[in-house]
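A quick write-up on the structure given underneath.
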Amino acid sequence: MLQLRQITKAYRIGEMESEILHGIDLTILRGEYTAIVGTSGSGKSTLMTILGCLEQPSSGQYYFDARDITQLSDNERTDIRNVRIGFVFQQFNLLPRLTALQNVMLPMVYAGYDRDERRQRAAAMLEQVGLADRMANRPNQLSGGQQQRVAIARALVNQPELLLADEPTGALDSRTGQEVIELISGLHADGLTIVLVTHDPSVAENSGRIIRIQDGQISSDSRPRCPDDLFQS
């Protein structure tokens with residue numbers, strides 16, 4: 001489904017250029033649940049932005065279902081982001097003045113659905129994540145775990161093929177975080193392709209594949225269930 005060939009990413013600050021990713025080669029198959037792990041500054045979140053078509057690599061090729069993303073226009077990449085990829089972030093990124101239902105409806109506005117269908121699909125998705133009784137609540141009326149469930153519902157409402165989750169439990173306590181991970185694991189069991197970025201070994205061990213990023217390069221790619229060794233040099 002996803003294939004990266006010799007991907008690099010560099011940022012220029014004034015006269016200085018800093019390369020964050022160095023020649024990444026990676027293939028992710030449809031239906032996989034992959035965790036990308038690494039310490040702060042390792043390049044894992046930069047890799048996620050490239051996978052999500054949020055940024056272009058400095059060099060290399062990125063193929064999404066055999067289409068070279070690096071050769072597409074901005075509008076074509078935006079279409080892929082809006083329809084084929086769902087995003088979940090650490091800080092939820094919900095709009096505070098909108099209800100849970102309205103937040104979930106929002107991506108469908110850009111996808112062109114009419115209002116009735118937006119409402120019906122958003123309500124069904126909130127019910128799926130266990131928030132049927134919280135649709136009229138605004139974010140400040142929800143717990144952190146409930147807000148993340150709203151964010152997951154929003155990410156899934158356009159029925160994407162790929163879910164990208166960047167530190168989805170980072171702002172949650174351990175019990176609530178485990179509930180969110182169980183929800184994500186259930187989505188994978190239903191066939192969704194998932195790539196999850198985390199610095200937490202206990203989160204990574206729920207996936208079927210663990211890719212470790214160190215200093216902008218892939219240092220290991222395995223399918224262990226042993227989290228204690230993930231961040232050892």
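The values are calculated or read from the model by the stated rules, or taken from the named source; none is laboratory data. What you are looking at is a predicted structure, and each value in this text was computed from that prediction instead of being measured. Backbone-built Cβ (ideal geometry, glycine too); neighbour counts: all protein chains shown. Each accessible area value is taken on the protein alone, full model and side chains, heavy atoms only, with ligands, DNA and RNA left out. Shrake-Rupley method; radii C 1.70, N 1.55, O 1.52, S 1.80 Å.
Data table
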quantity	calculated
Single condition Q61 does not satisfy, out of (1) over 23 Å from G208 (Cβ atoms); (2) open to solvent by 30 Å² or more (accessible area, probe 1.4 Å); (3) among the polar types (S, T, N, Q); (4) not in a strand (DSSP E or B)	(4)
Given (1) in a helix (DSSP H, G or I); (2) closer than 22 Å to T49 by Cα; (3) modelled with pLDDT of 95 or more; (4) of a type outside the set (G, A, S), index of the condition V88 fails	(1)
In the range 1-20, residue surrounded by the fewest Cβ atoms within 10 Å (Cβ to Cβ) [restricted to those that are more than 24 Å from A155 (Cβ to Cβ) and in contact (Cβ under 8 Å) with a residue 60 or more places away in the chain]	E19
Whichever residue in the range 119-145 is more than 22 Å from the chain's Cα centre (by Cα) and among the basic types (K, R) and, among such residues, is least open to solvent (accessible area, probe 1.4 Å)	R134
Test: residue in the range 216-226 that is over 20 Å from F87 (Cβ atoms), open to solvent by 50 Å² or more (accessible area, probe 1.4 Å), in contact with a strand residue (DSSP E or B) (Cβ under 8 Å, 6 or more places away or on another chain) and in a loop (DSSP other than H, G, I, E, B)	yes
Hey, E55 farther than 22 Å from S222 by Cβ and touching a Ser or Thr at 6+ places or on another chain (Cβ under 7 Å) or not	yes
Pair list, Cβ < 9 Å and 6+ apart or interchain, from the range 69-82 residues that are surrounded by 13 or more Cβ atoms within 10 Å (Cβ to Cβ) and modelled with pLDDT under 95 to residues that are among the aromatic types (F, W, Y) and part of a helix (DSSP H, G or I)	T78/Y110; N82/Y110
Single residue of T39, T46 found to be out of contact with any helix residue (DSSP H, G or I) (no Cβ under 8 Å at 6 or more places or on another chain), under 19 Å from D74 (Cα atoms), touching a residue at least 12 places away in the same chain (Cβ under 8 Å) and open to solvent by 20 Å² or more (accessible area, probe 1.4 Å)	T46
Matching residues, the range 91-116, being over 21 Å from the mean Cα position of the chain (by Cα), at pLDDT below 95 and open to solvent by less than 70 Å² (accessible area, probe 1.4 Å)	G112, Y113
Hits in the range 27-48 (condition: small (G, A, S), on the phi < 0 side of the Ramachandran plot and not in a strand (DSSP E or B))	S40, S42, S45
Complete set of residues in the range 1-26 that are polar (S, T, N, Q) and either out of contact with any Phe, Trp or Tyr (no Cβ under 9 Å at 6 or more places or on another chain) or not in a strand (DSSP E or B) (or both)	Q6, T8
